[in-house]
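First comes the structure, then the notes that go with it.
Bear in mind these aren't lab numbers, they're just calculated from the coordinates by the rules spelled out. Computed from a prediction, not measured in an experiment: that's the story for all the values here. Using ideal geometry, Cβ is built from the backbone for each residue, glycine included, and neighbour counts are taken over all protein chains shown.
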Amino acid sequence: YRDHGHYDPHDHYVGRKVNPAAKKLIGDALRERIENIDHEFCEPGEEDTFFVADLGEVYRQHLRWKLNLPRVKPFYAVKCNPDPKLLQLLSALGNGFDCASKAEIEQVLELGVDPSRIIYAQPCKTNSYVRYVANQGVRQMTFDNSDELRKIARLFPDAELYLRILTDDSSSLCRLSLKFGASLDSTDSLLALARELGLNVVGVSFHVGSGASDPGAFLKAVQDAHVVFQQAASHGFSLKTLDVGGGFCSDSSFEEMASVLRAALDEYFPAHSGVNLIAEPGRFYASSAFTLACNVIARRTIQDEAKSEASYMLYVNDGLYGNFSSIMFDHQHPVAKILRAGGHTLYDTPAAGAVDAVGGGGIEYSIWGPTCDGIDRITESIRFPVELDVGDWLYFEDMGAYTKCSATTFNGFSNNHDVIYVCSEPGAKVLLGLH
Ligand code: PLP
């Protein structure tokens, strides 16, 4: 990684938070977009919410992955954020892609990605999509039940199949094992059926749940996968790939998670076993690269008799039905910071952040989305040192995962907001052809 400069593996995470070059680029992009908007006279939509995406951050995450899990090839989970530039960079970095639908597969193929770099990682697939991937030569796909095996035998008997096994996902943000995964009680009979149907089982996959927090879940899943590799051998299959799924967070927990997984893989699937290792990370790559800016469109003053000072309800132009869908679907708690207040841009200054409720003073706000639904609340209570009003701007970091892709158009609000791209890593610029 030396050739690409900038990367210090020991303080990558901390470094990201204080990376002055990246912060400056993001700050400049935010400022440039908002400073000329005159909220008294602008056209509808000019003050719309928007993202700034730092593709350099994606590049740094990739180096971090390579350093911590050098034997595991990432197949980015497109569902997490199908942003075209993000996909372009990940493709240029040589990653594969985990797709869940025809549209995702089509989008990745249109980038010029070879079908062998795609896994259709959806154990319960649509018939017509299976016919589509058969035509496109996307052969790798997962299954976890006998009905699906019979479907594949009918529609795409040459597919390369991964048996997805059940995991303990009890400590994950988004649990998946209620819906997917074969229990170890059923794997032997599924392998027998696959053999009987003349199908080609090439690997095992698992997913410990999205946003995992217990490294032990990876260890147990790798041990179970090892058992299934042996079962498969007894049915005459020589499995060649283990897919360890997604679930990796982009915060500082990644290093611990990766270290437990790395040790488990080295023990149960050592390099000399010849087994290929792949993964399906989504949020790990996308989350920290995107910052969201929202405009304060309305304010309600709350004069509580019991309190001497007023508090405010702030209404912004994005909410739970929009890019904050991650609050509902992904159990996130995005934290607001002040981008611009009273004509001053405060991005990345001490005045931008919230103050402590105890002893920090400040003014109390709750933050609400623009729709008519009462559940559309982003923040119940936060204190800022300054008074905010209509026309001011807030920003939210780490908004790249499961946000825009699951936004709706409820109440007629757009779900397709602008993304302004910046790139804080020269290596990523080269890969993207930006100079
Ligand atoms: N692979 C599969 C099959 C998934 O269902 C998901 C998320 O739901 C992912 C990968 C990505 O998970 P994460 O974003 O937590 O890495």
**Report entry** Rounded tilt (10° steps) of 184-196 against the dominant C-alpha axis of the chain
**Finding:** 60 degrees
Requested in this report: Please work out the Kirkwood hydrodynamic radius for region 383-435, using every pair of different C-alpha atoms, and report it in angstroms with one decimal place.
Outcome: 15.0 Å
Query raised in the report: How long are the semi-axes of the ellipsoid equivalent to region 54-286, from square roots of 5 times the Cα gyration tensor eigenvalues, in whole Å, largest first?
Result: 26, 22, 15
Requested in this report: Based on the mean of other Cβ atoms within 10 Å per residue, sort peptides 127-135, 219-227, 37-45 so the most packed one is first.
Outcome: 219-227, 127-135, 37-45
Report summary line: Quick calc, region 54-286, dipole around Cα centre from Cβ unit charges on Lys, Arg (+) and Asp, Glu (-), nearest 20 debye, gives 460 debye
Query - Compactness relative to 2.2 N^0.38 Å, alpha carbon Rg of the chain - result: 1.07
Query raised in the report: If you project the alpha carbons of region 299-435 onto their three principal axes, what span does each projection cover, largest first, in Å?
Result: 60, 34, 26
Query - Cα centroid separation, region 25-40 to region 58-132 (Å) - result: 33 Å
Query raised in the report: Relative to the longest principal axis of the chain, what angle (0 to 90°, nearest 10) does the C-alpha long axis of helix 146-155 take?
Result: 80 degrees
**Report entry** region 146-293 - percent relative contact order, Cα under 8 Å, separation 6 or more
**Finding:** 24 percent
Query raised in the report: For region 357-404 and region 133-149, what is the separation of their Cα centres, given in Å?
Result: 44 Å
Report task. Normalising by the residue count of the chain, find the relative contact order in percent from Cα pairs under 8 Å and 6+ residues apart. Result -> 20 percent
**Report entry** For region 252-342, convex hull volume per residue from C-alpha positions, Å³
**Finding:** 177 Å³
Report task. Only Lys, Arg, Asp and Glu count, each charged at its Cβ (+1, +1, -1, -1), so figure out the dipole size of region 285-402 about its Cα centre, rounded to 20 debye. Result -> 140 debye
Report summary line: Helix 55-68: inclination vs the chain longest Cα principal axis, degrees, rounded to 10, gives 40 degrees
Report task. Quick one: which residues, 5 or more positions from residue 434 or on another chain, have an amide H under 5 Å from its amide H? H modelled 1.01 Å from N in the peptide plane, none for Pro or chain starts. Result -> none
